[in-house]
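Below is the structure I would like to discuss, written out as structure tokens.
The values are calculated or read from the model by the stated rules, or taken from the named source; none is laboratory data. Predicted model, so just to flag it, every value in this text is computed and none were measured. Heads up, the Cβs are rebuilt from the backbone with ideal geometry, glycines too, and the neighbour counts pull from every protein chain shown. Calculation scope for accessible area: heavy atoms of the full protein, side chains included, ligands and nucleic acids excluded. Shrake-Rupley method; radii C 1.70, N 1.55, O 1.52, S 1.80 Å.
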Amino acid sequence: MSDVTECPWIAVSGYGAHIKSTPKTLIIQKKNSVEEYPITEVKNLMVIGGHTLHSAAVLNLVRNGAFISFFEADGTPSGTIRPPGDRDLAEMYELQKAIPRQRFATALAKTSVQARLVVMEKEEEVRNVRLFYDGELEFLQKSREEFAFLIRLEEIRRLHRLVSDMYYEIMSRSLPPELGFRRRGTRPYTDPVNAMLSFGYAMLFGNCTVACAGARLDPDGGLLHDGKNSLIHNLIDPFKPGMIDTVVFQMARETLHEEDFELTPGRCILSDDLIREITRRLHTSINMNVINRQVLGLADAIRTGSEFTVRY
């Protein structure tokens, strides 16, 4: 029986797995392999792609307080089943609506820039390569400080988007050009790096979803953006560079081979072996304790009006 004490979230990727359970054990059968997990230790089951999910598994997981998150094959979130609990969320949701969004958005955006700067500067130093063109580093450093002087949310969003776009373009210079990664794209992804990033972000999303529900936060009550699950997308943004991007970019440079993915006319499909290796590495890089502290810190700031310290 597999041990999920250190990694209380399980990702089932690809196609064709059968996910079932007894009252005490979650069972995942795929091709010729069978994995078993103590059902009381599973906090989030992430179903990525097309699989058979038995109703008994859903009932047993939800009964034991687990979340079941569903994603498209390329990692795009599509929905979550949440366990029953205290449904009186109105007070927290109303408090969340009343907070000064500009202050919270500024803190998130500024820290997101800092997290990306750390990754880019470390990449230059460790690999002894030049990633920045003239003026780019200075612009990014100045942008980090400019957020404090922006008044409207739209201004903060615009600068945040600009910095994010620059980050991916700069990091693409560290990758083999034959991989076809130039910038962060939109689905369907046609290169393996974008597909790998999307998969990693989906795993990060699933973990943050659990934390937000535990803290009784409205996932749609975004700080920097609006829309469905906007809060979760906002909260994971500072974590992406350190928890996901460093793993994906390292794999793309050092271990990614042609047999690890398939390029079809419309999309890139990652192999099961590559998905398993990404999952193994992300079990180490995604720090659930840090995510929990971030979410609980936000909930406390909303309730008490205290300062919101953003981690990365």
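Please work out which one of (1) over 18 Å from the mean Cα position of the chain (by Cα); (2) surrounded by 13 or more Cβ atoms within 10 Å (Cβ to Cβ) is the condition Thr264 fails and give its number.
So the condition that Thr264 fails would be (2).
Somewhere in segment 280-288, is a residue over 30 Å from Leu217 (Cα atoms), polar (S, T, N, Q), open to solvent by 30 Å² or more (accessible area, probe 1.4 Å) and in contact with a helix residue (DSSP H, G or I) (Cβ under 8 Å, 6 or more places away or on another chain)? Before the answer, list the steps.
Going residue by residue through segment 280-288, those that are over 30 Å from Leu217 (Cα atoms) are none.
Checked segment 280-288: no residue is over 30 Å from Leu217 (Cα atoms), polar (S, T, N, Q), open to solvent by 30 Å² or more (accessible area, probe 1.4 Å) and in contact with a helix residue (DSSP H, G or I) (Cβ under 8 Å, 6 or more places away or on another chain).
Of the numbered conditions (1) touching a Leu at 6+ places or on another chain (Cβ under 6 Å); (2) more than 19 Å from Thr246 (Cβ to Cβ), Cys208 satisfies every one except a single condition; which is it?
The number of the failed condition is (2).
A further question follows. Assess whether Ser271 counts as being over 30 Å from Gly180 (Cα atoms), open to solvent by less than 60 Å² (accessible area, probe 1.4 Å) and over 17 Å from the mean Cα position of the chain (by Cα).
So Ser271 does not fit the description; no.
Also, I was wondering about something else. Kindly list, by first and then second residue, each pair from a residue in segment 284-312 that is without any contact (Cβ under 8 Å) to a residue 60 or more places away in the chain to a residue that is of a type outside the set (Gly, Ala, Ser) and part of a helix (DSSP H, G or I), limited to pairs with Cβ atoms under 6 Å and residues at least 6 apart or on different chains.
Within 6 Å, the pairs are Ser285/Met243; Ser285/Val247.
Residues that are within 23 Å of Asp220 (Cα to Cα): which strands (runs of 3 or more DSSP E) entirely in segment 25-118 hold 1 or more of them?
So the answer is 44-48, 67-71, 77-81.
Just for segment 12-44: of the residues that are at pLDDT 90 or above and hydrophobic (A, V, I, L, M, F, W, C), which one is surrounded by the fewest Cβ atoms within 10 Å (Cβ to Cβ)?
Val34
Of the conditions (1) of a type in the set (A, V, I, L, M, F, W, C); (2) surrounded by 14 or more Cβ atoms within 10 Å (Cβ to Cβ); (3) more than 21 Å from Ala211 (Cβ to Cβ), Val126 satisfies every one except a single condition; which number is it?
The one condition Val126 does not meet is (2).
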